[in-house]
Each structure stands twice: as C-alpha cells, then as structure tokens.
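Presented below is the structure to which this report refers.
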Amino acid sequence: MRLLSPGSGPRVDLGVVLLEADARLGGRTFTVSGEGENTKKLSFDIGGQWIGKKQTRIYELVKQLDIKTIPQFHQGKKVFQSNTSVSTYSGTIPKINIFKILDFELNLRYYMDSLAAKINSLRGWSSKKSGLDSKSVESILYDKTYSDCGGLLDVFVRAVWGTEPKHLGLLFSLFYIHSAGGVYPLAETEGGAQEAKLEGGTQQISQKCAEKFISKGGNIKLNQLVVKITKEKDGTYLLMCRDPTNSDAPFTLYRSKYVILAIPPTQYKSIQFEPCLPLEKQLLAEKAFMGSYLKMILLFKKPFWREKGYSGEITCALDESSFPEFPITMGFDSSQENAKSWGLVVFLAGTSGLYWTQKSTPERHAAVLKHLRHLFKDCEVDEPIEIIEKNWNVHPFTKGCPVNCIPTGAMKLFECAAAPVGNIHFASTETAKEWHGYMSGAVEAGERTAFEVLHKIDSKFPLPVQHQPTQNHSLVSLQNILILIILAIALLAWWFLN
C-alpha cells in the first residue's frame, strides 16, 4: 500500500497497512482501567469478555500470545427472574413450571438443535422451498410449543444476539447455533461460550498481534476512517480516509492492490464504493441490523452474593413491558480475586438496551441497582464503590453489539457475506462459519481473507477449506425419540428431587 500526499508531495510505500477508524485497536473488545484508587491499576472488559475451550481458534491464539485464562466463577446458586417472580437454581435449566421446561427442551431447544446440526451450508436452505427463511424465531413458539416456555427463548435471544425473537430470522439463528455446536454451548458457562476470562483483558489480543505485525514491517494508522474506495483503471484501489476526531483535517489517500474490510455488513453503508458493491452486498447492508447491548460493571466493597452462596449468574426472562422497572437481562460475577476486587457485570440487551439508552446515566445506574436488590433480597446490597459502563448502542463505529443480526427473508443475501468483490475481501466475525459472532469467528475470518489474498499473490498458498453441505435433512429417528424419552424422565426426576 502507498500513502499518497496531496498535490505533488512524496509517495511513500508502506507495505501492509492497517487502517483503524478508532483511536485504539480492538474493535468490539475494549479493556479499560478503573477510576478509583484501588481500581485504576486493574483491567475491566467493557466489550467482548469471554472465550471457551470449544472456540479452538481464539484459544490457540491466546496460547500463542502467552495470555493467561481465568475460569469464570460460577459456583453457587443462580438467580432466575420470570417477570416479578424470583427463584434460584443450579445447573443449566431454571426451576420453573416442569411442563414449560419440557416444552422448551423437547419442542423448542431440541427442534432448533436438530435443524441447526444439519445446516453445514446455507445453499438450498435459504430458498423458498425450505420455508425457514420466511419465519422469525418468535414464530416457533406458536408453531412448535404449547406455552411461552417460561420466557427462556426471549432471554436466550436477547443474551446471544441483543435483539428480540420477533426481529430475528429463524434460519439465521439456526446457522448461528450450528456454528457454535448447539444451543447450550452458546448459553453455558462451563464448557460454553462464557467459560473463561483473560488476565489483563481481551483487548490485549489485538495489541499483542499489532506488536508482532509491526515487528514484521507492518504499519498501523489510527483515526483513519475509510469513507471512499475507488477502483482505478490499473486495478488498484484508492482509499480516501478522514480523521473522525478532527473535522478540519485534510483527507488522506492510500493506494493498494488488495483491500480487506474487517467491518460488519451494516457498516458497508458508511463507505462510498466506486464502482458500487454488487446488489446483494448492498441489500445485505440494508437488511442486517446490529444487536443492542449496554454493559455495566458494578464494583462493591464485598462480594455480598458469594457470602450468601450465589454464583452471581443472573437470568431475567421478562416481558418487554417490564424493562422500565427491571432493566437487567443477564449478569455474571466479574470479581478479580487476586486484587480483592468484587464486582458484578450486567447486560441490558435487546429492547431493554434500547429503552435505557434514552435515559441518563444516573437513571440507568439507579435502576440497575434497584433491580439487583430485587434479585438478591436476602443480601445486603450496598451502594457500589464504582460503576463502569459502556453503551455500545451509541458507539460510532459499531452502533450496537454484539453482532449483526439477519431478519426474516434475508438469508439468501447473507450467503454473499464472505464473497470477495474483485480484490476487496470481507472479514469480520459476521463472515465466519464457526463461532460466528464471537472472537473465535473473527480469527477465522482473518485467516480466511489472509489466505485468499496470499493465494492471489502466489497460488502455492492454498485457499481455506469450505464447509460441505450435508446430505441428510431428516429430523426423526428411533435414536432421537429414545433420547427425548430419557431426557423427559431425567427432567421429571430432577424436578421432584429438587
């Protein structure tokens, strides 16, 4: 890549360059320090926070970078709220009405896992023939279940995608579940996506990779927001950038033979392409939407929840009408035991996140603290010594979190997400096939696009292996029926014994 100076100034050959719109590296991973005397030397993740052992790509990268993993604390009772009713449980499933549990497990979770397991490729599934792309996730509550399943589907969708079941396309959710290996790997702590934290925070992954990149001759330019990409007659690309922190600064021009865009599809609209992107890419950018996440870390003098035998895990399966009174969607223990720092991290997701984005910071903090006192009624919940908050809904370069979502009727467009356009290649976790939407998916996308470019430069570099479509779409088998019967008996036994 070359840096082009305005007018007749010098042209500098920069080799491989990373252009970052923000003033920092990391994207949706963001690690900050506290503001208090005892917290300013500690690291707090206000973006992506957890990894799991099943996320092999990110786990291997963390190992290579010599970053220590810390198991997520999950010992003790979990808290579950269904509207105004609060209960405790252990294990995976909250202790709600047994028939609603069976309804969720046998008619909803099993249905989604069974279908998701067969979606190795979207080819054919996104056609009208399958019928799945015309349905929302909410529709399966009416088509497949006999109850509201205790609100478990609502809170699952809010926690994983940051949206509501009525807005999320069913086929997209099945693809997403397939990419993680099932519903429970997405929802669980032990053995799931929330299994471990990183000592020092997750943003250091990008920072340490950047150090290696620079040591190999790479260049990094911060505050370089790409606003226009023009394909020249010689096949190279002219990138026009501006500094988002300085409206008076002149545009900076770069020329490159290859371009990799590591941004979610919703952000394609912020760049003017000449010639235009193919219609499918444009429509994908219009149809996709970012989930809504507001993350808050509350630090306390003592771990009041642990003292009463709680793990700190919170799940709130609430009606949308409840959010003005009960803002929390989910929560976890975020303590740093070695530093004697005790905290809870909570998320305001989906409609709750959008609702509370419109309120002031003091109003949000007061509402969350009031909700915590409702959830931990047998605990003495003191005023927090510090609250660290990140409202991703107003972040200028993502406009939401954690991931782009696809509504009904748009999965045919989604098939083109990872497809190159000329020598423009598309990364970001939204183009991954495994652990789509997670840090591990981002690593996969980076590896794929790197090999795509290397293969064009020298064909001895192999293209990444693509997933092959499955041939068996059957949902019913004797083995599956037996599994369901055993599961039903086990759930009934668990219910009566507890």
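Only the coordinates and a few stated rules stand behind these numbers; no lab work does. Just so you know, these numbers come straight off a predicted model, no measurement behind them. As a convention, Cβ positions derive from the backbone with ideal geometry for all residues, glycine included, and neighbour counts pool all protein chains shown.
Mind listing which trypsin sites (Lys or Arg not before Pro) in the stretch 220-312 are in a DSSP loop and have 12 or fewer other Cβ atoms within 10 Å?
On the way: sites: K221, K228, K231, K233, R242, R255, K257, K269, K281, K287, K295, K301, R306, K308; in loops: K233, K257, K301, K308.
Taking the stretch 220-312 and a limit of 12 other Cβ atoms within 10 Å, the loop trypsin sites (Lys or Arg not before Pro) found are K233, K301.
Relative to the longest principal axis of the C-alpha atoms of the chain, give the angle of the C-alpha long axis of helix 203-215, reported between 0 and 90° and rounded to the nearest 10°.
20
So which GluC sites (Glu not before Pro) in the stretch 302-399 are both in a DSSP loop and have at most 11 other Cβ atoms within 10 Å of their Cβ? Could the numbers behind the result be given before it?
Numbers: sites: E307, E313, E320, E325, E337, E363, E380, E386, E389; in loops: E325, E380.
Sparse-neighbourhood loop GluC sites (Glu not before Pro): E380.
Please report how many Lys pairs in the stretch 159-238 have alpha carbons closer than 24 angstrom, counting only residues at least 8 apart along the chain or sitting on separate chains. Don't jump to the answer; show the numbers that get you there.
On the way: K197/K208; K197/K212; K208/K216; K208/K221; K212/K221; K221/K231.
So the count works out to 6.
Report Rg(Cα)/(2.2 N^0.38 Å) for the stretch 35-145, keeping two decimals.
Details: Rg = 20.4 Å, N = 111, 2.2 N^0.38 = 13.2 Å.
Dividing the Cα Rg of the stretch 35-145 by 2.2 N^0.38 Å gives 1.55.
What's the exposure ranking of L25, L132, going from fewest to most Cβ atoms within 10 Å? Don't skip to the answer; put the middle values down first.
Numbers: L25 19, L132 22.
The fewest-first ordering by Cβ neighbours comes to L25, L132.
Using DSSP, restrict attention to beta bridges with both residues in the stretch 169-295 and report what percent are antiparallel, rounded to the nearest 5. Intermediate results must be reported in sequence, preceding the final value.
Numbers: 11 of 14 bridges.
The answer is about 80 percent antiparallel.
I need Y254, Y110 ordered by Cβ neighbour count within 10 Å, fewest first. Walk me through the numbers before you get to the answer.
Numbers: Y254 22, Y110 18.
Fewest-to-most Cβ neighbours within 10 Å comes out as Y110, Y254.
Kindly provide the Kirkwood hydrodynamic radius of the chain in Å, to one decimal, from all pairs of distinct alpha carbon atoms.
Numbers: mean 1/r = 0.0414 Å⁻¹.
After inverting the mean inverse Cα-Cα distance, the result is 24.1 Å.
Of the listed pairs K100/K377; K144/K287; K359/K399; K53/K433, which have alpha-carbon separations greater than 21 Å here? Could you put the intermediate results ahead of the total?
Numbers: K100/K377 26 Å; K144/K287 27 Å; K359/K399 17 Å; K53/K433 17 Å.
Pairs exceeding 21 Å: K100/K377; K144/K287.
To the nearest 10 degrees, how steep is helix 170-180 against the longest Cα principal axis of the chain, on a 0 to 90 scale?
In the chain, helix 170-180 runs at an angle near 90 degrees to the longest axis.
To the nearest 0.05, how large is the calculated FRET efficiency for F397 and S85 if R₀ is 60 Å and r is the Cβ-Cβ distance? Present the calculation step by step, with values, prior to reporting the outcome.
Numbers: r = 40 Å, r/R0 = 0.66.
For R0 = 60 Å, the calculated efficiency reads 0.90.
Can you give the FRET efficiency for A450 and K166, using 1/(1 + (r/R0)^6), R0 = 45 Å, r = Cβ-Cβ distance, to the nearest 0.05? Present the calculation step by step, with values, prior to reporting the outcome.
On the way: r = 38 Å, r/R0 = 0.85.
Once the sixth-power term is evaluated, E becomes 0.75.
Would you tally the net charge around N338, using a Cβ to Cβ cut-off of less than 13 Å, leaving N338 out, and scoring K and R as +1, D and E as -1? If you can, show how the numbers build up before the last one.
Details: positive: K41, K68, K197, K340; negative: E199, E337.
Charge balance in the 13 Å sphere: +2.
To the nearest Å, what is the center-to-center distance of the stretch 215-243 and the stretch 52-96, using C-alpha atoms only?
The distance from the Cα centre of the stretch 215-243 to that of the stretch 52-96 comes to 40 Å.
With 10 angstrom as the radius, rank H455, H74 by how many other C-beta atoms surround their C-beta, starting from the fewest.
On the way: H455 14, H74 17.
Going from sparsest to densest Cβ surroundings: H455, H74.
How about K460: which lysines have a C-alpha closer than 21 Å to its C-alpha, ignoring those fewer than 8 places off in the same chain?
K460 reaches K257.
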